[in-house]
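We did not get these values from a lab; they are worked out from the coordinates using the rules stated. Everything quoted here is computed from the prediction, not taken from an experiment. Positions of Cβ are backbone-derived with ideal geometry, glycine not excepted, and every protein chain shown enters the neighbour counts.
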Amino acid sequence: MPDTESPVDLVCLGRAGVDFYADQVGARLEDVSTLSKYIGGSSTNIACCSARMGLSTALITRVGNEPMGQFIREQLQREGVDTRNVLTDPERLSALVVLGIKDRDTFPLIFYREDCADMAIAVDDLDQQLISSAKALLITGTHFSSQGVYRTSVAALKMARKAGVKTVIDIDYRPVLWGLTSKGDGETRFIASDKVSAHLQGILPEFDLIVGTEEEIHIAGGSTDTLAALRTIRAISTGVIVLKRGPYGASVFDGDIPDALDLGVTVQGVRVEVLNVLGAGDAFISGFLRGWLHGEGFQQALIYANACGALVVSRHGCTPAMPSREELDYFLAHSDTIKRPDLDAQLNYLHRVTTRAGQWSSLMIHAFDHRQQLEVMADEAGVAHEKIAELKNLLLQATVQVAEQQNLTGQAGLLCDGVYGQDALNAATGRGLWIARPVEMPKSRPLLFEHGSSIGTLIHTWPREHVIKCLFFYSVNDEPGLRARQEQRMRELYDAVCASGHELLLEIIPPADDQLDVGDSVCRSVERVYDLGVRPDWWKVPCMQRRWVEQLARLVDTRAPHCRGIVVLGLDAPIDTLGEGFKAFAGIDRVKGFAVGRSIFGQPSRHWFNGELDDAELVSQVAANYRQVVAHWLARGD
């Protein structure tokens with residue numbers, strides 16, 4: 001999270017809502033059956049994309065006092081946007097938008113913004129210190145469309161200009177939001193209106209940078225002749241004008257308007273396959289601001305801007321489609337060969353890993369995703385398998401107890417299944433714990449997924465914060481047919497998690513008949529997985545000799561530097577033995593922690609099933625074991 005007392009590069013004032021995007025591309029909005037939920041609104045999109053561009057960014061808006069409002073706030077914080085001036089409106093709901101993708105040119109869209117929270121931002125809400133300390137203030141045109149937000153936007157402009165802060169307007173013309181269409185017609189992008197043109201012309205002189213599409217320049221300039229509209233704007237404003245020209249790129253006009261659009265500072269657009277143009281303009285201005293605020297000149301700013309817009313039009317959604325600085329730079333370096341950004345493996349990998357939320361510098365994971373082992377314990381004790389679900393809830397209690405007592409905030413985690421542990425998973429989700437859950441059928445080789453499901457079907461309903469964990473009993477020395485089936489499963493799994501947005505933890509355990517040293521086998525397997533094009537977010541590996549740990553870390557650093565990290569498994573070893581094994585991992589940054597299960601819960605659970613421990617005693621003993629493993633990890637020699 002950003003420092004909420006420090007200056008920022010960019011402050012955005014305007015719309016913040018929730019977008020519900022149709023998953024079915026090509027369907028009428030009437031026929032859409034499922035939708036994906038994202039944050040949205042021009043100002044929100046720009047704030048998030050600008051943060052991804054490396055600018056420190058803040059947003060001024062209001063959200064409702066309800067789950068959608070909290071979602072907006074939390075997602076902004078995950079994106080690194082300063083939310084000190086994102087206020088909660090006690091009376092109004094957050095804005096919602098429902099959008100469809102019928103074809104390249106048709107995007108049915110309905111705004112649900114009747115008296116919404118972001119249109120109630122008031123003058124008294126403005127943080128003058130935040131605005132005055134910024135490099136630039138950006139306001140979108142919608143927040144001049146009604147008297148209340150007009151007053152607020154003008155007040156913010158006065159604060160900025162008094163402090164010498166650059167002022168930017170994204171015209172963001174939506175006729176429906178100016179009351180020019182029926183309420184259900186959010187798709188229409190242009191309706192001429194002398195009243196709107198006059199209204200905009202009353203505030204354009206206050207801006208140093210004016211950005212708009214040709215239709216938006218038309219409404220601002222009061223003419224559908226683009227050059228005439230530009231000249232009208234120039235007559236009232238000395239600001240830099242940026243004209244977005246779709247597939248023709250963009251042009252900048254700083255000074256007199258020339259006789260042809262191409263005589264401005266012009267950069268041709270990047271040609272890509274278009275899926276969805278919505279949000280592309282917001283990405284464009286964020287790319288432009290990266291160059292403009294860093295003093296890189298109009299030409300470079302337009303190069304960034306066009307590329308940002310090109311990447312977004314190839315993707316689903318607005319804010320989630322926005323590129324990061326690293327992926328943008330990669331795209332610019334390879335744009336001649338990347339004709340379909342949505343299909344380029346490296347670009348999609350960079351988008352996936354550079355836009356992940358959260359950091360885990362250290363992890364202490366209690367792994368109780370076991371099913372077969374607990375079924376055996378229950379059978380030996382003569383109790384029903386339903387008792388396993390009760391046990392999992394108690395194991396969660398022990399995990400949370402230790403996390404709270406030892407202040408493991410941001411470090412504690414758990415591995416739990418949905419077969420017996422669904423209640424425990426439900427209770428753990430949303431509490432800031434690292435959570436992973438398995439997809440494999442226990443002990444299957446070649447791998448089978450739980451319930452006989454396809455992997456995409458299996459994880460479709462799982463919360464996004466759940467890391468997908470899969471155990472492979474795998475070796476590069478496996479019989480070729482077996483290895484081929486295993487590797488096909490790996491690719492299926494990786495494709496599914498990339499599509500779903502989950503993270504992936506791949507657990508590699510050499511099979512019992514493997515002839516290689518454990519460390520050698522694991523390192524060869526990891527290298528082979530990378531050769532397959534599979535790049536997990538996490539690795540889970542057994543204890544091994546120090547030289548193999550070092551080789552594994554170098555391999556991950558070289559092949560997948562964005563990997564979240566490696567965690568060490570226990571394999572039911574005695575806790576003191578684990579402590580000795582942990583020492584081989586000391587001082588290696590790539591190794592983030594442990595994921596240990598039966599060493600912690602095994603014996604107490606067996607006694608509990610046999611009726612030798614009550615619930616409180618079980619929780620106490622499991623917690624004591626967990627604390628002991630944590631102590632060994634912390635004492636491993638770092």
Taking amide hydrogens as modeled 1.01 Å from N in the peptide plane, which residues meet the under 5 Å criterion relative to Ile435, leaving out close sequence neighbours? Leu414, Val467
How high is the relative contact order of the chain? Use alpha-carbon pairs under 8 Å, at least six apart in sequence, and give a whole percent. 9 percent
With +1 at each Lys and Arg Cβ and -1 at each Asp and Glu Cβ, the charge dipole magnitude of the chain around its Cα centre, to the nearest 20 debye, comes out at 800 debye
Order the peptides 334-344, 143-153 from the highest to the lowest mean number of other Cβ atoms within 10 Å of their residues. 143-153, 334-344
Antiparallel bridges, percent of DSSP beta bridges restricted to region 210-288 (to nearest 5): 65 percent
Might you report the magnitude of the Cβ-based charge dipole of region 455-562 about its Cα centre, with Lys and Arg at +1 and Asp and Glu at -1, to the nearest 20 debye? 180 debye
About the Cα centre of region 431-498, what is the dipole size in debye to 20, counting +1 per Lys and Arg Cβ and -1 per Asp and Glu Cβ, all else neutral? 180 debye
Across Lys162/Lys183; Lys162/Lys195; Lys37/Lys469; Lys387/Lys583; Lys37/Lys158; Lys392/Lys540, pairs whose alpha-carbon gap is larger than 32 Å: Lys162/Lys183; Lys387/Lys583; Lys37/Lys158
Report, for the chain, the % of DSSP beta bridges that are antiparallel, rounded to 5. 25 percent
Selected from Leu204, Cys308, Ala283, residue furthest toward positive end of dipole (region 10-354; charges at beta carbon): Leu204
Identify, among Asn610, Tyr626, Leu532, the residue whose Cα sits farthest towards the positive end of the charge dipole of region 525-638, taking +1 on the Cβ of Lys and Arg and -1 on the Cβ of Asp and Glu, with the dipole about the Cα centre. Leu532
One would report the antiparallel percent of DSSP beta bridges in region 10-354, rounded to the nearest 5, as 35 percent
Whole Å is fine, so just give me how far the alpha carbon centre of region 491-561 lies from that of region 585-638. 24 Å
Rounded, prolate or oblate: which one fits region 264-399, using the alpha carbon gyration tensor with axes a ≥ b ≥ c (rounded when a/c is under 1.5, else prolate when a/b beats b/c, else oblate)? prolate
Can you quote the Å³ per residue value for the convex hull of the Cα atoms in region 345-416, rounded to an integer? 130 Å³
Once you have a ≥ b ≥ c as the square roots of the Cα gyration tensor eigenvalues for region 370-411, tell me rounded if a/c is under 1.5, and otherwise prolate or oblate according to whether a/b is larger than b/c. prolate
From the phi of every residue in region 582-596, what ³J(HN,Hα) in whole Hz does the Karplus formula 6.51 cos²θ - 1.76 cosθ + 1.60 yield, where θ is phi - 60° and glycine or proline is x? 4, 4, 5, 9, 5, x, 9, 4, 5, 8, 9, x, 10, 9, 10
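Going by how many other Cβ atoms sit within 10 Å of their own, how do Lys244, Lys583 line up, fewest first? Mind dumping the intermediate values first?
Numbers: Lys244 27, Lys583 15.
By the 10 Å Cβ count, ascending: Lys583, Lys244.
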Which of rounded, prolate, oblate describes region 10-354, given a ≥ b ≥ c as roots of the alpha-carbon gyration tensor eigenvalues and a/c under 1.5 marking rounded, otherwise prolate only if a/b is larger than b/c? rounded
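Under the definition of Cα pairs under 8 Å and six or more residues apart, what whole-number percent is the relative contact order of region 10-354? Walk me through the numbers before you get to the answer.
Details: 805 pairs, mean separation 50.9, N = 345.
Answer for region 10-354 is 15 percent.
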Expressed as a rounded percentage, what relative contact order does region 385-515 have, with Cα pairs under 8 Å and six or more residues apart? 21 percent
Hey, can you grab everything whose amide H is under 5 Å from the amide H of Ile39? Only 5+ residues off in sequence or another chain; H modelled, so Pro and N-termini drop out. Asp19
Hits in region 74-92: amide N under 14 Å from the 7 Å Cα→Cβ extension of Gln129, namely 84-85
Which value in deg cm²/dmol, rounded to the nearest 500, describes the helix-derived mean residue ellipticity at 222 nm for the chain, given -39,500 (n - 2.57) per DSSP H run of n ≥ 4 and division by the residue count? -12500 deg cm²/dmol
Can you list the HN-Hα couplings for region 134-146, worked out from phi with the Karplus curve (6.51, -1.76, 1.60; θ = phi - 60°), rounded to whole Hz and with x for Gly and Pro? 7, 7, 8, 10, 10, 10, 8, x, 4, 7, 10, 8, 9
Taking amide H positions as placed in the peptide plane 1.01 Å from N, state which residues far from Leu569 in sequence (5 or more) or on other chains have amide H under 5 Å from it. Val541, Cys543, Ala595
From the phi of every residue in region 262-272, what ³J(HN,Hα) in whole Hz does the Karplus formula 6.51 cos²θ - 1.76 cosθ + 1.60 yield, where θ is phi - 60° and glycine or proline is x? 5, 7, x, 5, 10, 10, 5, x, 8, 7, 9
Using only Cα atoms, locate the centre of region 184-209 and the centre of region 408-449, then give the distance between them in Å, rounded to an integer. 51 Å
